[in-house]
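First up is the structure itself, then whatever we jot down about it.
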Amino acid sequence: MNANDVMKISPIVPVIALDDIKDALPLAKALSEGGINIMEITLRTKAGLKAINLISKEMPSMNVGAGTVCNNVDLMEAKAVGAKFVFSPGISQELIDSAKKYKMTIIPGIATASEVMLAQNNGIYNCKLFPATISGGVDILKAFQGPFPKMKFCPTGGVNLENLNDFLSLKNVLCVGGTWIIPKDIIKSGDFNKITELCIEALAKIK
């Protein structure tokens, strides 16, 4: 699966930091029932890699990838546990080379024109804009359309129910990433039906 295919799975990519492995499968099922079949599970917690491994084995219909992949080791570990793709908060030649070497689909993070050029010059045309709202949001994405017509983006960081259509209406945005549809307190309480409801609500709001 290439990066463009990954970014077309759903207009919303949930960005998830899981504290407890027991929540992995119930969360994956709740998202799927809500119409979202992609998960970016970050490597910010100890449960991250285990959760990716469990979901990739037990629920192959869910497209599960790793987030917060910052270096060669992170990428190799994500691939080893069955991640179908990786998102990074930034971009580096190390990550680009590693993704090519290990044949891993990577969606690196960019925040400047120079970083977009680094991606494009290495044959990468799908990036995450991170942190989206702080680095210029809708305005910077509009500005990128002229010099970088081939580039497609997934803005993440500050995206929510109120502004998601502002981003998704742009022709160079395929999807948005966010945490608002998987609130930590709801995961902790085990109310996975609520997460399904939040997914349905968010997808219904998209114009």
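The values are calculated or read from the model by the stated rules, or taken from the named source; none is laboratory data. Keep in mind the model is a prediction, meaning the values are calculated, not measured. Here Cβ is always computed from backbone atoms with ideal geometry, including for glycine, and neighbour counts include all displayed protein chains.
Tabulated data
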| read-out | value |
| --- | --- |
| Cβ pairs under 9 Å, 6+ apart, first in the range 1-21 and at negative phi and of a type in the set (S, T, N, Q), second modelled with pLDDT of 95 or more and part of a strand (DSSP E or B) | ASN2/ASN126; ASN4/ASN126; ASN4/LYS152; SER10/ILE38; SER10/ASN63 |
| Among (1) out of contact with any Gly (no Cβ under 7 Å at 6 or more places or on another chain); (2) free of Cβ contacts under 8 Å to residues at least 60 places away in the same chain - the single one GLY109 does not satisfy | (1) |
| Complete set of residues in the range 182-191 that are surrounded by 18 or more Cβ atoms within 10 Å (Cβ to Cβ) and either small (Gly, Ala, Ser) or in contact with a strand residue (DSSP E or B) (Cβ under 6 Å, 6 or more places away or on another chain) (or both) | ILE182 |
| Qualifying residue in the range 9-19 (condition: more than 26 Å from SER189 (Cβ to Cβ) and modelled with pLDDT under 95) | no |
| Boolean, LEU198 is on the phi < 0 side of the Ramachandran plot, surrounded by 13 or more Cβ atoms within 10 Å (Cβ to Cβ) and under 16 Å from the mean Cα position of the chain (by Cα) | no |
| Subset of the range 184-207 (residues that are of a type in the set (D, E, K, R) and under 12 Å from LEU27 (Cβ atoms)) | LYS184, LYS188, ASP191, LYS194 |
| Neighbours by Cβ (under 8 Å, 6+ apart or cross-chain): first from the range 145-169, more than 24 Å from GLU201 (Cβ to Cβ) and modelled with pLDDT of 95 or more; second charged (D, E, K, R) and assigned to a loop (DSSP other than H, G, I, E, B) | GLN145/LYS171 |
| Boolean, VAL81 is surrounded by 16 or more Cβ atoms within 10 Å (Cβ to Cβ) and under 21 Å from PRO155 (Cα atoms) | no |
| Residue under evaluation ALA99, criteria (1) small (Gly, Ala, Ser); (2) farther than 14 Å from ASN2 by Cβ; (3) surrounded by 19 or more Cβ atoms within 10 Å (Cβ to Cβ), criterion not met | (2) |
| Selected residue (criterion: surrounded by the most Cβ atoms within 10 Å (Cβ to Cβ)) from residues of the range 42-71 that are at negative phi and polar (S, T, N, Q) | ASN63 |
| Search result, residues across the range 172-207 that are without any contact (Cβ under 8 Å) to a residue 40 or more places away in the chain and touching a helix residue (DSSP H, G or I) at 6+ places or on another chain (Cβ under 7 Å) | ASN172, VAL173, ILE186, LYS194 |
| Residues being closer than 27 Å to LEU198 by Cα, of a type in the set (A, V, I, L, M) and in a helix (DSSP H, G or I) - total across the range 119-154 | 2 |
| Filter result for the condition that a residue is of a type in the set (Asp, Glu) and under 25 Å from PHE167 (Cα atoms), over GLU58, GLU33, GLU77 | GLU33 |
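For every residue, the table says whether it meets (1) small (Gly, Ala, Ser); (2) over 14 Å from the mean Cα position of the chain (by Cα).
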| residue | (1), (2) |
| --- | --- |
| LYS22 | no, yes |
| ALA28 | yes, yes |
| SER32 | yes, yes |
| ILE38 | no, no |
| THR45 | no, yes |
| SER56 | yes, yes |
| PRO60 | no, yes |
